[in-house]
Amino acid sequence: MLLRLNADSVLSHCRNSCDCKMNFSEVFKQSNHLCKVSPDGKYLATCVQYRLVVRDLGTLQILQLYTCLDQVSHMEWSSDSLFILCAMYKRGLVQVWSLEQPDWHCKIDEGSIGLVSSRWSPDGRHILNTTEFHLRITVWSLCTKAVSYIKYPKACQKGIDFSTDGCYMALAERRDCKDYVSIFVCDDWHLLRHFETETQDLAGLEWSPNGCVLAVWDSCLEYKVLLYSLDGRLLSTYSAYEWSLGVKSVSWSPSSQFLAIGSYDEKVRILNHITWKKIVQFEHPATIDNMKAIVYKEVERRPAVVSDEMSLHNITMGSTLLSTQSKYEICPLPVQIPVVKPEPDRANPKIGVSVLAFSSDSRYLATKNDNMATAVWVWDMQKMSLEAVLEHTSAVRCVMWDPRRPRLALCTGNSKLYLWSPGGCVSVQVPAEGSFQVQSLNWHCSGDSVILLGKDQLCLCYMDTDHEEK
């Protein structure tokens with residue numbers, strides 16, 4: 001009863017602020033944040049140590065329970081939601097389970113060569129295993145049991161990417177102390193193009209959503225972003241400055257019109273898809289005085305003293321009532337954002353833009369500057385200006401857009417879920433038993449629910465969004 005009262009009191013605020021109401025599921029176990037919704041949105045797969053649990057997402061009833069040979073390191077659905085891959089990196093094993101045929105399963109043993117990465121191909125019938133020391137990538141076919149090998153994959157931040165239509169795979173390679181990119185056709189894995197890149201130490205690559213352009217960027221020691229066509233032609237090169245730490249994050253807009261580049265100089269540069277020149281630069285100043293932007297600040301409120309009538313059992317069951325409540329308040333400008341000075345003598349300094357996230361309609365861009373870890377910045381890509389800043393009492397851990405609407409969800413490692421939309425923002429207490437701390441989150445593909453992940457538990461938040469927002 002205490003949980004219900006608490007949820008209702010919080011939800012009344014949420015309905016007013018975000019034009020939606022919420023319901024929360026009970027808490028379930030999970031390990032290593034291995035919890036994923038099937039691509040068709042019907043099932044929820046979670047790993048609990050060496051067990052794989054598949055639930056019906058509508059009822060949360062267990063449909064299948066599989067037992068793996070060891071604790072699972074990585075879990076992934078096939079694109080058609082028929083198979084689930086479970087990788088056990090320490091033992092160099094991959095097991096594949098079938099949802100339609102529970103008695104069928106597949107085991108892949110890489111042996112002494114080891115395993116550091118495993119993933120599905122876009123067709124859901126091939127598995128790509130990367131061996132230790134990135135000696136090679138092995139492509140296993142579930143249909144024909146054929147095996148193919150790809151040599152010289154580079155160990156980097158993002159060395160492999162598939163085009164959105166699943167037709168092509170781009171792979172970063174390192175041979176003879178030089179960087180290369182190979183483009184493969186995923187139907188039969190034949191090599192389409194192979195070319196050398198103008199990078200000192202390639203750090204990552206990513207296809208544009210329309211599959212026409214491949215973005216390649218250098219390591220943080222040299223600011224360089226290269227744009228290649230499907231046939232390997234260099235379309236453009238962009239470099240903002242020299243002799244300082246460079247690119248930290250890269251993200252395409254869903255429309256493929258913009259390429260956002262986050263840098264260690266605490267700025268975001270937006271390139272356009274026609275000339276590949278910079279059209280705007282977003283900065284993250286410590287003092288916000290932009291009159292067009294709204295600054296929301298989280299303000300905490302301690303709960304009232306518990307009355308003597310409450311039993312210890314009720315206090316434990318309704319622990320969310322005793323948690324610190326919070327809400328957003330609009331701050332008058334100018335506003336000072338807390339800044340943490342990075343330690344210059346340590347590797348990977350906490351400075352610069354590490355998070356770039358476009359909304360599904362490409363209208364908004366959310367960013368996070370690491371030395372202002374408590375703040376999330378939301379930019380309007382039509383007006384090319386700052387829309388809002390959300391400042392919190394703790395460092396932001398995860399930021400993710402609703403896949404259907406311009407609605408942003410984030411968490412800071414406490415028992416709250418934070419939401420922003422153009423109409424406002426809200427802080428919602430998760431009414432879960434015990435101390436459920438939200439460390440990460442994932443949206444359902446419909447945008448109607450959010451999976452909240454704690455250290456070793458998960459909870460579902462259901463959004464009853466009004467029709468006007470759709």
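The values are calculated or read from the model by the stated rules, or taken from the named source; none is laboratory data. This is a predicted model, so every value here is computed, not measured. Every residue, glycine as well, gets a Cβ built from its backbone with ideal geometry; the counts of neighbours run over all protein chains shown. Side chains included, ligands, DNA and RNA excluded: accessible areas come from the protein's heavy atoms. Shrake-Rupley method; radii C 1.70, N 1.55, O 1.52, S 1.80 Å.
Let's test the formula: R0 of 22 Å, r as the Cβ-Cβ distance of Ala286 and Ser354. What FRET efficiency results, to the nearest 0.05? Don't jump to the answer; show the numbers that get you there.
Values: r = 17 Å, r/R0 = 0.79.
Result of the calculation: an efficiency of 0.80.
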Set the bar at 31 Å for Cα to Cα. Now go through Lys42/Lys267; Lys278/Lys416; Lys21/Lys455; Lys42/Lys292 and name every pair that lies beyond it. Lys42/Lys267; Lys278/Lys416; Lys42/Lys292
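Between Val340 and Val116, what length comes free when the chain is fully extended (0.36 nm per residue of separation minus the Cα-Cα distance, one decimal in nm)? Please list the in-between numbers first.
Numbers: separation 224, 0.36 × 224 = 80.64 nm, distance 3.41 nm.
Answer, rounded to one decimal: 77.2 nm.
Determine the percent antiparallel among the DSSP beta bridges restricted to the chain, to the nearest 5. Provide the component values of the computation, followed by the final result.
Numbers: 142 of 147 bridges.
Given both bridge residues lie in the chain, the antiparallel proportion sits at roughly 95 percent.
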List the lysines whose Cα lies under 20 Å from the Cα of Lys178, skipping any in the same chain that are fewer than 8 positions away. Lys151, Lys154, Lys158, Lys224
What is the ratio of the Cα radius of gyration of the stretch 20-169 to 2.2 N^0.38 Å, with N the residue count, to two decimals? 1.09
Between Leu65 and Tyr149, what length in nm is gained on full extension when 0.36 nm per residue of separation is reduced by their alpha carbon distance? 27.0 nm
Helical contribution to [θ] at 222 nm, DSSP H n ≥ 4, -39,500 (n - 2.57), averaged over the chain, rounded to 500: -1500 deg cm²/dmol
Sequence order, the stretch 77-89: Karplus ³J(HN,Hα) from phi using 6.51 cos²θ - 1.76 cosθ + 1.60, θ = phi - 60°, Hz rounded, Gly and Pro as x, gives 7, 6, 5, 9, 6, 9, 10, 10, 9, 10, 9, 10, 4
Sorted by mean Cβ packing within 10 Å, highest first, what order do the peptides 424-433, 181-190 take? 424-433, 181-190
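What accessible area per residue, rounded to a whole number of Å², is obtained for the chain using a probe radius of 1.4 Å? Before the final figure, lay out each step's value.
Values: 21870 Å² over 470 residues.
Ligands and nucleic acids excluded, the figure is 47 Å² per residue.
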Compute the label zone of Cys167 within the stretch 181-216: residues whose backbone N is under 16 Å from the point 7 Å along Cα-to-Cβ. 183-193, 207-214
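Carbon and sulfur together cover what percent of the accessible area of the stretch 22-151 at a 1.4 Å probe radius? Could the numbers behind the result be given before it?
On the way: 2980 of 6240 Å².
It is 48 percent, rounded to a whole number.
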Mean separation of Cα contacts under 8 Å (6+ apart) over length of the chain, as relative contact order %: 12 percent
